[in-house]
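Q: Quick one: structure below, then a few questions.
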Amino acid sequence: MGKMIYLDNAATTKTAPEVVEAMLPYFTEFYGNASTVYDFAANSKAAIAKARQQIADVIGAKKEEIYFTAGGSESDNWALKATFEAYKNKGNHIITTKIEHHAILHTCEYLEKERGAKVTYLDVDENGFIDLDELQKAITPETILISVMAANNEIGTLEPLKEIGQIAHEHGILFHTDAVQAVGHIPVNVKDMNVDMLSVSAHKFHGPKGVGFLYARKGILLTNIIYGGAQERSKRAGTENMASIVGMATAIKEATDHLEENAAKVTAMRNRLIDGLKGIERSRINGDLEHHLPGTLNMCFEGIEGESLLLLLDAKGICASSGSACTSGSLDPSHVLLSIGVPVEIAHGSLRLSISEYNTMEQMDHIVESVPGVVDYLRSISPVWERIKKEENK
């Protein structure tokens, strides 16, 4: 093929050319600090106001409900920590799931260890869905927040947000969703989905890195986690990241304006991968195939290590990712795959391919041609695979 094939769009995306073009003037021409009073800053103020309105319109919110942040992790931290501090007189119980992004899980761990929070981590089924009855049972008079991700970053499963939000509101509980993987890829409307707070990161939908936003419904008590100036209605201090805010607004509008056509294109490519790879011996597809992000495919191949698979695919010009994460010097299997019941030894052999509209069907064909051979080679040198085959032949 010659050229690199990028299939790790769930990790980050290419910044779209029209986004870069929209950002450039705010580095060189309209670089005034929006918090100043002179006329030169007027363009900066107007650009921020326009971006805030564009973003609010996309998710069905009011502009004063959008708070700019440095990305999804900050937005997640802010939503959980601020809610806990603001509502601790009402209770100290948070409900989340075992398959959340670490920005949620590690923040919950901090709140448990350092702030006295009680956290319930809901189980999920083999496709990654929570059980709404289990959610109901987990609620106590002390519950102040339910936080469930919109779309899982590893397996792509879409949680039933509307129903979760309805349950939360019936009990007078706030509902937050980490929508980092969802916004720009599936329709998201905070009113329809009964969402009180929502986290977003621009680099997941062809915007720049280092910028995101938190939607917080008007009326919610939102404490600060960054103090200093009066930016973001005195809720989040720091000189505004002008160019990136403009870039994020451009990217989110572009993504949602072409949502259906992009989803159709990406789904067709994903289906090509499924058709071409599902026949590999002792392979499995992880996540629900119906309620699913258009472009995410997660598979496991028994008898191999995901890291070796990635290195050999990289040698063929294919950029992908595994469910394994390097933690404390040891390669641990994905907490998401373990939570959906994938055995540890199989979870180690995982591959995530995440597609964008910049990919092509020709690239999918190349991947379908490449992966089986790489898997076969790794199995040929794997003592684990040798043991599996011996047990089969007994």
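The values are calculated or read from the model by the stated rules, or taken from the named source; none is laboratory data. Quantities reported herein were computed from a predicted structural model and do not represent experimental measurements. FYI the Cβ positions are ideal-geometry reconstructions off the backbone, even for glycines, and counts take in every protein chain you see. Note: accessible area is taken over every heavy atom of the protein model, side chains too, but ligands, DNA and RNA are not part of it. Shrake-Rupley method; radii C 1.70, N 1.55, O 1.52, S 1.80 Å.
Q: Do the conditions hold for LEU122, that is, is it crowded, with 23+ Cβ neighbours inside 10 Å, without any contact (Cβ under 8 Å) to a residue 40 or more places away in the chain and more than 19 Å from ASN77 (Cβ to Cβ)?
A: no
Q: If the requirement is being modelled with pLDDT of 95 or more, open to solvent by 10 Å² or more (accessible area, probe 1.4 Å) and either among the charged types (D, E, K, R) or touching a Pro at 6+ places or on another chain (Cβ under 7 Å) (or both), which of these qualifies: GLU29, GLU65, GLU100, GLU18?
A: GLU18
Q: Quick one: ASN359 ticks every box in (1) open to solvent by 30 Å² or more (accessible area, probe 1.4 Å); (2) assigned to a loop (DSSP other than H, G, I, E, B); (3) within 30 Å of ILE186 (Cβ to Cβ) except a single one, so which number is it?
A: Here ASN359 meets the rest and fails (1).
Q: Is it the case that GLY165 is over 17 Å from the mean Cα position of the chain (by Cα) and either polar (S, T, N, Q) or in a loop (DSSP other than H, G, I, E, B) (or both)?
A: No.
Q: For segment 162-192, enumerate the residues that are charged (D, E, K, R) and in contact with a strand residue (DSSP E or B) (Cβ under 9 Å, 6 or more places away or on another chain).
A: If the condition is that a residue be charged (D, E, K, R) and in contact with a strand residue (DSSP E or B) (Cβ under 9 Å, 6 or more places away or on another chain), then ASP178 is the only one that fits.
Q: For segment 143-162, enumerate the residues that are crowded, with 23+ Cβ neighbours inside 10 Å, under 14 Å from the mean Cα position of the chain (by Cα) and in a strand (DSSP E or B).
A: Selection gives SER147, ALA151, THR157.
Q: I would also like to ask the following. Part of a loop (DSSP other than H, G, I, E, B) and among the hydrophobic types (A, V, I, L, M, F, W, C) - does that describe any residue in segment 324-346?
A: Checked against the condition, which is being part of a loop (DSSP other than H, G, I, E, B) and among the hydrophobic types (A, V, I, L, M, F, W, C), segment 324-346 yields at least one hit.
Q: In addition: Mind checking which pairs have a first residue in segment 364-386 that is closer than 19 Å to THR296 by Cα and a second that is in a helix (DSSP H, G or I) and open to solvent by 40 Å² or more (accessible area, probe 1.4 Å), Cβ under 6 Å, 6 or more apart or different chains?
A: Matching pairs, first to second residue: MET364/ARG272.
Q: Would you say GLU109 is without any contact (Cβ under 8 Å) to a residue 60 or more places away in the chain, under 21 Å from THR140 (Cα atoms), open to solvent by 70 Å² or more (accessible area, probe 1.4 Å) and assigned to a helix (DSSP H, G or I)?
A: Criteria met by GLU109.
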